[in-house]
1. Using the per-residue mean of other Cβ atoms lying within 10 Å as a proxy for protection, in what order, highest first, do the peptides 146-157, 76-87, 101-112 fall?
2. As a quick test, which of the pairs LYS81/LYS129; LYS61/LYS129; LYS99/LYS126; LYS61/LYS192 have an alpha carbon distance above 24 angstrom in this structure?
3. Kirkwood Rh, the stretch 60-160, all Cα pairs: how many Å?
4. Quick one, can you get me the convex hull of the C-alpha atoms of the stretch 36-77 expressed as volume per residue in Å³?
5. Take the solvent-accessible surface of the protein heavy atoms, probe 1.4 Å, and return the percent of it on the stretch 55-200 that carbon and sulfur atoms account for.
6. Stretch ARG218-GLU118 to full length: gain in nm at 0.36 nm per residue minus the Cα-Cα span?
7. Which shape class, rounded, prolate or oblate, goes with the stretch 112-153 when its Cα gyration tensor gives a ≥ b ≥ c as root eigenvalues, a/c under 1.5 marks rounded, and past that a/b bigger than b/c marks prolate?
8. Diagonalise the Cα gyration tensor of the stretch 74-224 and give the resulting equivalent ellipsoid semi-axes, square root of 5 times each eigenvalue, largest first, whole Å.
Amino acid sequence: TWGWGIEEGMIGYIFLVLFAAFVGITIYLYKIGVFNEIHPEQSSLNGGNFVYVEYVGNLFKVGATFDRVNEQLKGLFQQFKGTQSVGIYYDKPQNVVDKNQCRAVVGVLIPSNFSAAEVQAAVQSKEFKFTELPRVNSVRAFWPFKNNLSFYFLAIRGYPVIRGFLRQVHQPKHEGDHGTLLEIYHFFQQNKNIEVHMMYGPGVEQYLLSTSPAPRLRGLMKRE
């Protein structure tokens, strides 16, 4: 009948709209690298001169701190060739009681061929801390950066693969020994990406720079 024909037409129209939306979302996710494969490899991190500030808070809100640090230290990128924007992260948000208590340090890593004295002399603000970081073993992988969603998909798709590879090359000495996470942000090049290092072995303890107390873990709530 005429009424049934209208209903069929509406159903067909709704189907086409949903299909188009599905295709559009799929193409968008593909473009931002969601379906990219990640390829961890055994590597090392050279270390160097690290100028940084400490951060405590929701890790998905750390971007504002990076913006401020990179703006204040932009002269170092020009003065010392090879300077990189770096974050070191100590807590997994899904494992802590309060995600606003996650610890990190945010800063710039300057190659060790520049002396500590000349790097410290170039830092004008007393807000920043300084340390020399050693060369350490790591599992390394790269993840494309398109926008802030790239961080989210790296966390849910990339980290598990990297940690799985880490467990193959490094036997943890205790439950929490799964590699300290360091990320280098290559955002000033054409093919922007995030270089992920999960560090392990001798020297990693020198990367534990946060002076804030560790947040309560979910599994320990009933024992505290």
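The values are calculated or read from the model by the stated rules, or taken from the named source; none is laboratory data. Keep in mind it's a predicted model, so treat the numbers as computed, not measured. Here the Cβ positions follow ideal geometry from the backbone for every residue, glycine too, while neighbour counts run over all protein chains shown. All accessible areas refer to the heavy atoms of the entire protein, side chains included, with ligands and DNA or RNA removed. Shrake-Rupley method; radii C 1.70, N 1.55, O 1.52, S 1.80 Å.
1. Numbers: 146-157: 14.7, 76-87: 17.0, 101-112: 22.2.
Listed from highest to lowest mean packing, they are 101-112, 76-87, 146-157.
2. Numbers: LYS81/LYS129 20 Å; LYS61/LYS129 21 Å; LYS99/LYS126 28 Å; LYS61/LYS192 20 Å.
Pairs exceeding the cut-off: LYS99/LYS126.
3. Values: mean 1/r = 0.0635 Å⁻¹.
In the stretch 60-160 this quantity evaluates to 15.8 Å.
4. Details: hull volume 6.5 nm³, N = 42.
Measuring per residue, one finds 155 Å³ for the Cα hull of the stretch 36-77.
5. 48
6. Working: separation 100, 0.36 × 100 = 36.00 nm, distance 4.40 nm.
That pair, ARG218 and GLU118, stretches by 31.6 nm at full extension.
7. Judged from the Cα gyration tensor, the stretch 112-153 comes out oblate (a/c at least 1.5, b/c at or above a/b).
8. Values: eigenvalues 149, 76, 54 Å².
Calculated on Cα positions only, the semi-axes equal 27, 19, 17 Å.
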